[in-house]
Amino acid sequence: MKLEDHPTVRKLIDRPRLVSPPPAPLDAEWLKALARECGADDVGLVELERPALADQREEIQALLPGARTILSLVLRMNREPIRTPARSLSNLEFHHVGDETNEAARRIVEALEERGIRALNPAMGFPMEMDRFPGKIWTVSHKPVAVAAGLGMMGIHRNVIHPRFGNFILLATVVIAAEATAYDQPIDYNPCLECKLCVAACPVGAIAPDGHFDFSACYTHNYREFMGGFNDWVETVADSRNGLDYRHRVGNAESASMWQSLSFGPNYKAAYCLSVCPAGEDVIAPYLENRREHLETVVRPLQQKVESIYVVPGSDAEDHVRKRFPHKTVRNVRGSLRPRSIESLLSAMPHAFQREKAAGFRAVYHFRFTGEEPREVTIRIADRTLAIEPGLVGRCDVRVTVDSRTWLRFIAKEISLFRALITFRLRIRGNPLLLARFGRCFPS
């Protein structure tokens, strides 16, 4: 049968043809009203050409060719379930509102599609593009979109704070292949109070008073039962000689917790930074009326909670727990940020850098990667700071020439440094002790 003879095609051919005008820009107020009807508590619009979204534009256009408008929506969470030390209640709220957030975004896309307008809604969290792990697994970064759309600003804890709802929100994004009649701008102030309660509550010290954020510390503990932490648990199972050996490595409660995450949905271990934040018009009044009561009823119970804290051995997070929270149990786990390429390695290094391990230390390293991914870079460590530059710049204290694949295997602990040296896939010029000091700044 020829295509033009197919019944579906015949119906379309026989249908009267109407000359339709080019689609006019979508009315911005209509779009916002639609989003609220679908369940959003607040909504903003931003054009894809906005400079603030430049680093996302290419991928968004690949997701939806012809994308022009980004709709950002906020759904509010109940505060008390997030504040309680019982993390089961917190995770129930995260998951329930997460489902509502995805459903609201899906309804918006459905309504637009019924009107012939192409649109799609990336997940507010999972599922993600896990084949790209441990690289960028998300398709759209909801936080910068929400900031650009006027729905809040990032606080010191790296969460978006909505001017009314505070940080007790979840975000979603709808990508639309049409222009809108108007777009929103970022708000002109930051709702963050810089009270540093998130600094005080974080069990792994991921948030520093000066605004520094230790990504690896947060990732290792709070996301223990997500992604890399799950991989580490699987390897622990594989490494165990038998059931008894496994129980020596992993306690019954930890095994049950992992099962719960697999069956119910991944559970956050902390997220205390959200719990204690008093910012936002609907949130701030009790804090202003009695700050001591907020400290005693919200912050202290989280600080005093007896719990296991997951840290990489030799990390700043381990030192922080032992010093600030000696009543909490330190659980040493393997680092799970294992890059698959030199490019992803260099991108991940600032996130894995332990600045307290580099206190008072200065050294310049020249790395020359050979083999599959030839690359030359200069890495400078200078008293708690890290800088990575392309090329071999200036004089160095240590020069490392190494096969790129060998170096990635060494980082993943699949090959020893000694083996890399005796096979001549790794050559070092300079003091080898400086390379050991380099490794302490990136514990795994």
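The values are calculated or read from the model by the stated rules, or taken from the named source; none is laboratory data. It should be emphasised that the depicted structure is a prediction, and the values quoted were computed from it without experimental measurement. We place every Cβ from the backbone using ideal geometry, glycine too, and count neighbours over all the protein chains shown. Only protein heavy atoms, including side chains, enter the accessible area calculation; ligands, DNA and RNA are left aside. Shrake-Rupley method; radii C 1.70, N 1.55, O 1.52, S 1.80 Å.
Mind checking which of V311, F442, A363 is farthest towards the positive end of region 308-444's charge dipole, using Cβ charges of +1 (Lys, Arg) and -1 (Asp, Glu) about the Cα centre? About the Cα centre, the residue reaching furthest to the positive side is V311. Given +1 at the Cβ of Lys and Arg, -1 at the Cβ of Asp and Glu and no other charges, the dipole of region 214-314 around its Cα centre is 280 debye to the nearest 20. Dividing the convex hull volume of the alpha-carbon atoms in region 44-142 by its residue count gives 130 Å³ per residue.
Note on region 274-356: with neighbouring protein chains present and a 1.4 Å probe, carbon and sulfur make up 50 percent of its accessible heavy-atom surface. Normalised radius of gyration for region 1-98, please: alpha carbon Rg relative to 2.2 N^0.38 Å, two decimal places. So region 1-98 has a normalised radius of gyration of 1.74. Which angle between 0 and 90 degrees, to the nearest 10, do you get for helix 28-37 versus the longest principal axis of the chain when only C-alpha atoms count? Relative to the chain, helix 28-37 is tipped by roughly 80 degrees.
Computed over protein heavy atoms with a 1.4 Å probe, the carbon and sulfur contribution to the accessible area of region 150-268 reaches 56%. If you plug the beta carbon distance of R292 and E103 into 1/(1 + (r/R0)^6) with R0 = 41 Å, you get a FRET efficiency near 0.55. Angle of helix 342-352 to the longest C-alpha principal axis of the chain, folded into 0 to 90 degrees and rounded to 10: 80°. On a per residue basis, the chain carries 51 Å² of accessible surface, using protein heavy atoms and a 1.4 Å probe.
Its residue count N sets the reference 2.2 N^0.38 Å, and the alpha-carbon radius of gyration of region 110-156 equals 1.48 times that reference. Computed from backbone phi, the HN-Hα couplings of region 214-230 come to 8, 4, 5, 5, 4, 4, 5, 8, 4, 9, 3, 9, 9, 6, x, x, 5 Hz, rounded to whole numbers (Karplus: 6.51 cos²θ - 1.76 cosθ + 1.60, θ = phi - 60°; Gly and Pro given as x). Measuring r between the beta carbons of F424 and D131 and using R0 = 30 Å, the FRET efficiency lands at 0.35.
Placing unit charges on C-beta atoms (Lys and Arg positive, Asp and Glu negative, everything else neutral), compute the dipole magnitude of region 192-246 about its Cα centre in debye, rounded to 20.
Computed charge dipole of region 192-246: roughly 120 debye.
Shown is the FRET efficiency for A33 and L262, computed with R0 = 51 Å from the Cβ-Cβ distance and rounded to the nearest 0.05: 0.80. Per-residue surface analysis assigns K196 an accessible area of about 70 Å², computed on protein heavy atoms at 1.4 Å probe radius. Rolling a 1.4 Å probe across all protein chains gives L295 an accessible area of roughly 50 Å².
The alpha-carbon positions of region 87-234 define a convex hull whose volume is 146 Å³ per residue.
As a size descriptor, the averaged projected area of the C-alpha convex hull of the chain was calculated at 28.8 nm². Label sites at A182 and D245, each approximated as a point 7 angstrom past Cα along Cα to Cβ, lie 6.8 nm apart. By the Cβ-Cβ criterion of under 4.7 Å, the unpaired cysteines of the chain are C38, C192, C195, C202, C218, C277, C396, C441. Taking all Cα pairs closer than 8 Å and separated by 6 or more residues, the relative contact order of the chain comes to 13 percent.
Starting from the amide H of I309, placed 1.01 Å from N in the peptide plane, find each other amide H under 5 Å away whose residue is 5 or more places distant or on another chain. The list, which skips near neighbours in sequence, is T329, V330, R331.
Computed log10 I(q)/I(0) for region 309-444 at 0.10, 0.11 Å⁻¹: -0.34, -0.42, from the Debye equation with unit scatterers placed on every C-alpha and solvent omitted.
Computed about the Cα centre, the dipole magnitude for region 268-419 is approximately 660 debye when only Lys and Arg (+1) and Asp and Glu (-1) carry charge, each at its Cβ. Counting lysine pairs in the chain that sit 8 or more residues apart in sequence, or on different chains, and whose Cα atoms lie under 27 Å apart gives 22.
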